[in-house]
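We did not get these values from a lab; they are worked out from the coordinates using the rules stated. On a predicted model such as this, the values are computed, not experimentally measured, just so you know. Here Cβ is always computed from backbone atoms with ideal geometry, including for glycine, and neighbour counts include all displayed protein chains.
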Ligand SMILES: [Zn+2]
């Protein structure tokens, strides 16, 4: 199998709008989903989208699990999300740090709706309607953005962009404040 690489910022493919998946049940889609899950695991991400490996189709993975920054993150996934639509977003937005596997070494604060209601087709080919909140809602909105060709830097205040080193410096204070 051809080795798949994560595209990094600067690659114009990341700014393209993706197209709907026509055949969610096909072997091709299954293989792609499996690959994305593997890459997500390897890179210790909580999500990854097909455009990030150069496939501009409406498909992404959500894989939420507790981590250093979000010790209370729910366990959800790996869930394969195909042809998603966001039906509604709460007016209440939350600003929090995000990173992106396509923008290595950078963290930035991003506003996201606290609660969302969505539909998508899962890997079994079944159309589901789901409500997500907080961390999982954040991952969903981040990955959904990738399908529109939107990156976190598009949503960032330039004064709230941090290098990994600077991010680590403030992480401690930040975590204390959150409690
Ligand atoms: Zn990303």
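Numerical summary
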| item | result |
| --- | --- |
| 0 to 90° range, to nearest 10: angle between helix 27-42 axis and the chain longest Cα axis | 20 |
| Folded to 0 to 90 degrees: helix 134-147 orientation relative to the chain principal axis, Cα | 60 |
| Highest-first arrangement of 83-96, 129-142, where packing means the average Cβ count within 10 Å | 129-142, 83-96 |
| C-alpha center-to-center spacing [the stretch 60-129, the stretch 23-40] in angstrom | 18 |
| Degrees, to the nearest 10: 164-178 long Cα axis against longest axis of the chain | 80 |
| Radius of gyration, Dmax [the stretch 1-148; alpha carbons; angstrom] | 14.4, 45 |
| Contact order normalised by residue count of the chain, Cα under 8 Å, 6+ apart, percent | 23 |
